[in-house]
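One structure is given here, and the rest of the page talks about it.
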Amino acid sequence: MRKRLIGSICLFLAASIWGGMYVVSKYILEFVPPVTLVWIRYVIAFAVLFVILFFVKGKKGSKITPGKKDCLLIAWIGFIGYFVSICFQFIGTKLSNAHMGSLITASTPVFVILFARFILGELFTRKKVISLVLATAGVVIVIGLDAGALKHIYGNMVLVGAAITWALLSVYVKVASKHLDSLSITTYAIFFALIFTTPFMLLQHNDFWLILGSSKIIWGLIYLGVVSTAGAFFLWNKGIELVDAGIGSLFLFFQPVTGSILGWICLGEDLSPSFFIGGVLIVLAVSISAKEDY
């Protein structure tokens, strides 16, 4: 019970951090190209996590680098999740819109539950299905349906790819956590994602003098790198390690709720009655799933 509670708290915090990330990203992206922003986030996140890993493992006298066999799995996690999925989110949102991006990527738990069944052997249960239906309904109510969805068919297909690849990340993190700690998985998966991202960053037009000349941009990048990347990625992986992958994925539904609340607080955006109705359904769904005995 204690293990499940800690895992749930980790997943809730991760989803909440990502939900509010767009408030900072919205400002930073006016000055920093998208792929460069991802690259800088990964540089900062890897540096922070590696220092922590060095001191944590060093005190215990443990090896801080994974073995060759583990490296392949971690490289796959970094590639499919932190590189492909994040790039798909950017590309899909550009071809579609942020509204559909939020809605489609919120379908990730559906794919996690499917992949967890076939890769991890997790069972479909009545509570899991009920929770998924309630949470999905809640997200649709909070975000709303886009009447022009068919106009952005290619962008929406890419966004579905983002949801599928993030689901694969969550499932393979569960696989890796059977013999690796979450801190090592997160640190080296980000390192491999950094390697994959670097060539694409170099192709962008970057004005690093502008970036380094603004304290607001620098603090925003530090927040995105330390909190939204190093912190949130670690919390997500730790939570997936401690709870059933299918159940844990439902916490992603808190992203649009947190994003809406912070948008209201920081940007003066309105909260409609549908937000509260959908929010209640999401909280109810996660509460039901958290009580499941698995």
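Points to keep in mind about this one:
- Flag for Gly19 being in contact with a Pro (Cβ under 7 Å, 6 or more places away or on another chain) and either at pLDDT below 90 or surrounded by fewer than 17 Cβ atoms within 10 Å (Cβ to Cβ) (or both): yes
- In a residue-by-residue description of the range 140-162, the property of being at pLDDT 90 or above, touching a helix residue (DSSP H, G or I) at 6+ places or on another chain (Cβ under 7 Å) and buried (at least 18 other Cβ atoms within 10 Å of the Cβ) applies to no position.
- Check on Ile211, crowded, with 24+ Cβ neighbours inside 10 Å and over 12 Å from the mean Cα position of the chain (by Cα): no
- Residues that are among the polar types (S, T, N, Q) and buried (at least 19 other Cβ atoms within 10 Å of the Cβ), drawn from the range 64-93: Ser85, Gln89, Thr93
- The residue that is nearest to Ile77 (Cα to Cα), among those in the range 169-182 that are of a type in the set (A, V, I, L, M, F, W, C) and crowded, with 21+ Cβ neighbours inside 10 Å, is Leu169.
- Test: residue in the range 199-211 that is under 29 Å from Phe12 (Cα atoms) and of a type outside the set (D, E, K, R): no
- Listed here are the helices (runs of 4 or more DSSP H) enclosed by the range 147-246 that have at least 2 residues being polar (S, T, N, Q) and in contact (Cβ under 8 Å) with a residue 40 or more places away in the chain: 153-176, 182-202.
The values are calculated or read from the model by the stated rules, or taken from the named source; none is laboratory data. The structure displayed is predicted, hence computed values, not measured ones. Virtual Cβ from ideal backbone geometry, glycine too; neighbours counted across all protein chains shown.
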